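The values are calculated or read from the model by the stated rules, or taken from the named source; none is laboratory data. Every value quoted in this text rests on a predicted model; they were computed, and no experiment measured them. As a convention, Cβ positions derive from the backbone with ideal geometry for all residues, glycine included, and neighbour counts pool all protein chains shown. Heads up: the accessible areas ignore ligands, DNA and RNA and are worked out on the full protein's heavy atoms, side chains in. Shrake-Rupley method; radii C 1.70, N 1.55, O 1.52, S 1.80 Å.
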Amino acid sequence: MKLLALPRPAVVTPPHPARRMRMVATGMLLAMAALFLAARATVHLHPAMGFVQAFAEAAMVGGLADWFAVTALFRHPLGLPIPHTAIIPRNKDRIGDTLALFLRDNFLTPAVVARRMQRLDMAGAAGRFLASPSGGDGRLREGASRLVADILEALDQERLGGMVKGAIAQRLRAINLAPLAGQALEAAMRDGRHAPVMDGIILWADRALEANDHLIRQMVHDRSGKILRWTGLDENLANAIIDGLRKLLADMARDPGHGLRLKAEEGMAKLAADLQSDREIQARVARIRDEIVDNPAMQRWIDGLWEQARSGLLRAVRDPGKAMAGRLGEALHQLGGTLQDDARLRFLINRFMRRAAVGATASYGTTIVKLVSETVRGWDAGTVTSRLEHAVGRDLQYIRVNGTLVGGLVGLALHAVDTVL
């Protein structure tokens, strides 16, 4: 048995508030016109009809005047090319430039931004949120999380990932490793932190000698004469060389002032100085750095780093509660408490953010203003008219309503004065 398909009710979209008010204002104007005609036709029946006629006549004139004024802002009244009408479409470029200048002079100046940022305690707000993330507006937090997640997923991952990975590789290539390594080595030697490294190298050399002593024996045997091999002295010579090397390594490990060890430290000190001043060595280190960055294994590591960062961001914004749990959450909670308790830290962070905002305004304020101006210039006249009319049209239609009522009251008052006199 087939069920009869009932027609779905049509969805009626309510009119825009500006359009609804325009209908009300136009309806009042038409009502005043009808009232004027009716009162004029019946004015001889009763003296009160003269007051009605005067009210309706003045209201109609006031309504027509305000209709003309409001309509002339957005278009030509009745389609007639009357001078100084359709003001907004004809001057949209000038409006865009004026709006851009208004933004620049009143909002996007370093002084205004600094004054506004001076009253904001962004570090304190961040500290309160981190210390008690569940105490804020849950809907706001969830909405912001969904927005960030949607943005991350909507972006072109190949292009975004390529940009991020390219930026990482570029930053790695921009690092001048040689002076940094030289300074680190110099500081380590100055504080004596190189001694364990030297001990480790000596221990490694002793173990390598023990594991490969047969190579030394074979080399001595191959290079010895027939007489030494026939008498077995080559074996004694090899044992003497190996024992001497082991004793040398043992003395170096036991005596920090050993001559050979001091010579090695002298070489390390020279290397530290050369890394900081020798252009040739720095260039050689830079070539090694670039080879490492260009290595496929390094590229795979950067790829994995980006994927892990992106996945971590998505997990964090999709579930802020889990992101604030565990060791990371505990660390963020402690950071929030520190921001709340340490007034100097809050001052430093707020000052940094204020300077960053002022610097961004000084550097990019003109670009933002230019963007506003060019955006408005790029709109067609119909788009500008529609957007402005939707934004302020409702209030403008109230002007028509008020003009109709005020005009009627003025006409009524004048008629009363004329009747009395």
Q) Looking at (1) closer than 20 Å to A253 by Cβ; (2) among the charged types (D, E, K, R); (3) without any contact (Cβ under 8 Å) to a residue 24 or more places away in the chain, which is the one condition that is false for D206? A) (3)
Q: Name the helices (runs of 4 or more DSSP H) wholly inside the stretch 302-421 in which the number of residues that are of a type in the set (A, V, I, L, M) and either open to solvent by less than 90 Å² (accessible area, probe 1.4 Å) or modelled with pLDDT under 75 (or both) is 3 or more.
A: 326-341, 343-378, 381-420
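Conditions (1) among the β-branched types (V, I, T); (2) farther than 26 Å from A360 by Cα; (3) surrounded by fewer than 15 Cβ atoms within 10 Å (Cβ to Cβ); (4) at pLDDT below 75, marked per residue:
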{"position": "I82", "(1), (2), (3), (4)": "yes, yes, yes, no"}
{"position": "A86", "(1), (2), (3), (4)": "no, yes, no, no"}
{"position": "T98", "(1), (2), (3), (4)": "yes, no, yes, no"}
{"position": "F129", "(1), (2), (3), (4)": "no, no, no, yes"}
{"position": "D137", "(1), (2), (3), (4)": "no, yes, yes, yes"}
{"position": "L140", "(1), (2), (3), (4)": "no, yes, yes, yes"}
{"position": "R146", "(1), (2), (3), (4)": "no, yes, yes, yes"}
Q.
Can you confirm whether A58 is farther than 29 Å from E374 by Cβ and crowded, with 18+ Cβ neighbours inside 10 Å?
A. yes
Q. For the stretch 16-37, does any single residue satisfy the condition of being modelled with pLDDT of 85 or more and over 17 Å from G403 (Cα atoms)?
A. yes
Q: Looking for whichever is outside any helix (DSSP H, G or I) and exposed (fewer than 11 other Cβ atoms within 10 Å of the Cβ) here; the options are G257, G244, G267. Which one fits?
A: G257
Q: Spot the failing condition for M117; the list is (1) modelled with pLDDT under 70; (2) touching a helix residue (DSSP H, G or I) at 6+ places or on another chain (Cβ under 7 Å), and only one is missed.
A: (1)
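For the stretch 256-266, does any single residue satisfy the condition of being among the aliphatic types (A, V, I, L, M), more than 22 Å from A178 (Cα to Cα) and out of contact with any His (no Cβ under 8 Å at 6 or more places or on another chain)?
yes
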